[in-house]
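Novice: Can you read through this structure? Questions will come right after.
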Amino acid sequence: MAGFFFLLLFVLFSSQASALPATKSKAGVKRTQVAQLQSKEARERMKNRARLLASARQRLAVVPPTPEQKKRQAAEKLAARILNREQLAMHTRWRPGMMGGSEGLWPLATEALMAEMVSPRVEATLHKVIARLKQQLGKPYVWGGQTPEQGFDCSGLIYYAYNKLLSQKLPRTANGMFQDRRLKRINQQQLQRGDLVFFSIKSQDRADHVGVYLGEGQFIEAPRTGLNIRISQLTDNYWQDHYLGAKRILTEEAIL
């Protein structure tokens with residue numbers, strides 16, 4: 001009887017001992033799974049934090065410009081617009097106000113496009129001429145004048161602005177320039193900056209007034225006694241009524 005009792009205790013003890021490792025093994029797996037889950041969640045939190053930090057860096061505070069900065073920006077835009085219009089006015093195809101009120105270029109054939117191209121040398125000379133002309137704005141008209149010290153009449157202004165840059169000198173009078181066969185006659189639709197525009201104010205067939213086309217329908221002139229050198233609108237009725245013609249003076253062959 002005692003032997004049976006000991007045998008029963010041995011069997012029970014053995015079964016409990018064999019069950020203990022299995023229990024411990026299940027608990028270890030569960031702890032590992034929990035640790036892995038926590039580690040994954042931690043990684044996700046770190047990723048989210050990194051994304052939030054990157055987004056915060058991108059959302060930097062934008063400080064509104066001051067009134068002085070706004071004025072400076074507006075001035076810079078205006079200067080750029082004026083420069084663009086000056087460069088655009090170099091094209092014979094550009095006509096302000098056409099094409100439904102917009103500014104555009106009429107399409108040309110390849111040959112015409114090649115013909116209207118201006119060499120860098122001619123363009124540089126043109127800028128010098130325009131600069132010399134604009135420096136005289138506001139100076140009084142003086143009949144026979146052809147220097148900044150004397151003042152200018154209409155042809156004297158052109159004579160002063162161009163002659164030092166040309167291989168052959170211009171005639172001194174407006175009609176002499178108009179009759180000069182070395183200058184290329186052009187129609188009004190082909191006007192480019194630097195072209196001479198002629199008018200007959202007191203006569204029917206002789207040029208007695210001349211100016212320089214600046215683009216955008218404007219030309220610079222020394223008008224008459226009592227007035228100062230100024231920029232006028234070629235499209236005004238007065239000038240259209242007295243318009244005689246135009247000639248191109250700046251070409252590759254004409255400049256020094």
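Novice: Multiplying the sequence separation of E253 and L227 by 0.36 nm and subtracting their Cα-Cα distance, what value in nm do you get?
Specialist: My answer for the length gained is 5.8 nm.
Novice: Please report the spacing between the Cα centers of segment 198-256 and segment 123-182 in Å, no decimals.
Specialist: 12
Novice: Same structure, new question: Highest mean first, what order results for 133-140, 46-53 on Cβ atoms within 10 Å?
Specialist: 133-140, 46-53
Novice: Okay, next question. Would you kindly find the accessible area of Y238, with a 1.4 Å probe and non-protein molecules such as ligands, DNA and RNA excluded, rounding to the nearest 10 Å²?
Specialist: Surface open to solvent at Y238 totals about 110 Å².
Novice: Okay, next question. Could you sort 164-170, 123-129, 217-223 so that the peptide with the highest average Cβ count within 10 Å comes first and the rest follow in order?
Specialist: Result, highest mean Cβ count within 10 Å first: 217-223, 123-129, 164-170.
Novice: Take the solvent-accessible surface of the protein heavy atoms, probe 1.4 Å, and return the percent of it on segment 150-256 that carbon and sulfur atoms account for.
Specialist: Solvent-exposed carbon and sulfur of segment 150-256 make up 45 percent of the total.
Novice: Starting from the amide H of L244, placed 1.01 Å from N in the peptide plane, find each other amide H under 5 Å away whose residue is 5 or more places distant or on another chain.
Specialist: The list, which skips near neighbours in sequence, is F198, F199, S200.
Novice: Follow-up. Hey, any idea what Rg/Rh is for segment 126-256, computing Rh the Kirkwood way over Cα pairs?
Specialist: With Rh from the inverse mean 1/r over Cα pairs, Rg/Rh is 0.92.
Novice: Next up: Report the gain in length on full extension from S55 to R31: 0.36 nm times residue separation, minus Cα-Cα distance, nm rounded to one decimal.
Specialist: Separation in residues times 0.36 nm, less the Cα-Cα distance, equals 5.0 nm.
Novice: So for segment 116-166, Kirkwood radius off the Cα pairs, Stokes-Einstein at 37 °C and 0.692 mPa s: how many µm² s⁻¹?
Specialist: 284
Novice: Given the alpha-carbon gyration tensor of segment 205-256, what are the semi-axes of its equivalent ellipsoid in whole angstrom, ordered largest first, with each equal to the square root of 5 times an eigenvalue?
Specialist: After diagonalising the Cα gyration tensor, the semi-axes are 21, 14, 13 Å.
Novice: So if each residue of separation counts as 0.36 nm, and I subtract the Cα-Cα distance between D205 and A75, what length gain in nm does that give?
Specialist: Stretched fully, the D205-A75 segment lengthens by 42.3 nm.
The values are calculated or read from the model by the stated rules, or taken from the named source; none is laboratory data. This structure is a prediction, so every number in the text was calculated from the model and none was measured. For neighbour counting, all protein chains shown are included, and Cβ atoms are generated from backbone atoms with ideal geometry for every residue, glycine included. Keep in mind that these areas ignore ligands, DNA and RNA; they rest on the heavy atoms of the full protein, side chains included. Shrake-Rupley method; radii C 1.70, N 1.55, O 1.52, S 1.80 Å.
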